[in-house]
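One structure below.
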Amino acid sequence: MIKISTYNKAHEILKNAEKNTGNILKLAEMIQNNNESFVYYKRDTTGEVHEYPCKLYTIRKKIRFCIQLGLLDGEKNCNLTDLGKNALFEDRFDLQLQQSVISYLEKHDLKFSDIDSAIDKLILPTTWSLYQSLSPKLSEEQFRTCLLLLSECGEKTDQNLLKKFEKKLYLTDDKLEKARKTCKDLS
């Protein structure tokens with residue numbers, strides 16, 4: 001897994017929040033000064049690639065998402081909630097993050113079973129086509145982030161919720177036939 005993935009960023013936020021005694025800005029500064037996940041890469045004029053720390057607003061945005069997931073209590077203290085503390089147990093992080101994302105989606109009136117049904121119905125299920133089909137009460141960026149996290153949680157332990165949908169996301173003979181029929185009907 002890429003060290004700068006959203007999954008790793010969430011883990012780093014929780015680890016740092018455990019030691020944090022300040023607000024969201026203090027936590028963001030702590031992360032910015034001592035973290036490998038919140039970096040980006042940029043080429044200089046000679047073509048050499050350098051690593052730079054993310055800006056504070058980028059870090060605060062990810063912290064706010066952890067608050068929305070119920071892993072941190074709020075911007076004033078940025079303390080771990082019981083769910084956040086549970087996620088820090090190494091063998092519990094994936095499951096807790098997965099459950100927090102599912103709860104977050106449900107708070108926005110989107111059940112995981114709806115996502116499953118939409119994947120089955122769409123000829124070519126992409127994140128954008130799923131978003132359009134489901135019309136969830138959250139931004140496309142939040143929806144994409146949730147699907148990304150769900151695709152990474154439990155990957156190492158074969159407890160990934162989206163793993164069983166992996167084949168549905170590829171074009172099967174049935175989906176190709178539907179696409180051909182749809183194209184013929186349109187012409």
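Among the listed residues 85, 163, identify the single one that is of a type outside the set (Asp, Glu), modelled with pLDDT of 85 or more, out of contact with any strand residue (DSSP E or B) (no Cβ under 6 Å at 6 or more places or on another chain) and open to solvent by 30 Å² or more (accessible area, probe 1.4 Å).
85
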- Selection count, segment 88-102, where residues are open to solvent by 70 Å² or more (accessible area, probe 1.4 Å) and either among the acidic types (Asp, Glu) or not in a helix (DSSP H, G or I) (or both): 4
- Task: Have a look at 183, 146 and point out the one that is modelled with pLDDT under 85, of a type outside the set (D, E, K, R) and in a helix (DSSP H, G or I).
- Result: 183
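Looking at 70, 47, 22, can you tell me which residue is on the phi > 0 side of the Ramachandran plot, in a loop (DSSP other than H, G, I, E, B) and surrounded by fewer than 15 Cβ atoms within 10 Å (Cβ to Cβ)? Walk me through it before giving the result.
Values: 70 fails: surrounded by fewer than 15 Cβ atoms within 10 Å (Cβ to Cβ); 22 fails: on the phi > 0 side of the Ramachandran plot.
After ruling out the rest, the residue left standing is 47.
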- With respect to residue 147, is the statement that it is of a type in the set (A, V, I, L, M) and farther than 19 Å from residue 27 by Cβ true? yes
- Query: Out of all the residues in segment 35-47, which are without any contact (Cβ under 8 Å) to a residue 12 or more places away in the chain and out of contact with any His (no Cβ under 9 Å at 6 or more places or on another chain)?
  - Reply: 45, 46, 47
- So which residues in segment 132-142 are over 19 Å from residue 69 (Cβ atoms) and either in contact with a helix residue (DSSP H, G or I) (Cβ under 8 Å, 6 or more places away or on another chain) or in a helix (DSSP H, G or I) (or both), if there are any at all? 132, 133, 134
- Task: Select from segment 103-131 the residues that are within 25 Å of residue 181 (Cβ to Cβ) and outside any helix (DSSP H, G or I) and write down the one among them that is least open to solvent (accessible area, probe 1.4 Å).
- Result: 125
- Message: If I ask for residues that are over 21 Å from residue 95 (Cα atoms), among the basic types (Lys, Arg) and in a helix (DSSP H, G or I), which ones from segment 50-67 would you list?
- Response: 60, 61
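The values are calculated or read from the model by the stated rules, or taken from the named source; none is laboratory data. In this text the structure is predicted, and so the values were computed from the model without any measurement. All Cβ positions, even for glycine, are placed from backbone atoms using ideal geometry, and neighbour counts span all protein chains on display. Note: areas computed on protein heavy atoms with side chains; ligands, DNA, RNA excluded. Shrake-Rupley method; radii C 1.70, N 1.55, O 1.52, S 1.80 Å.
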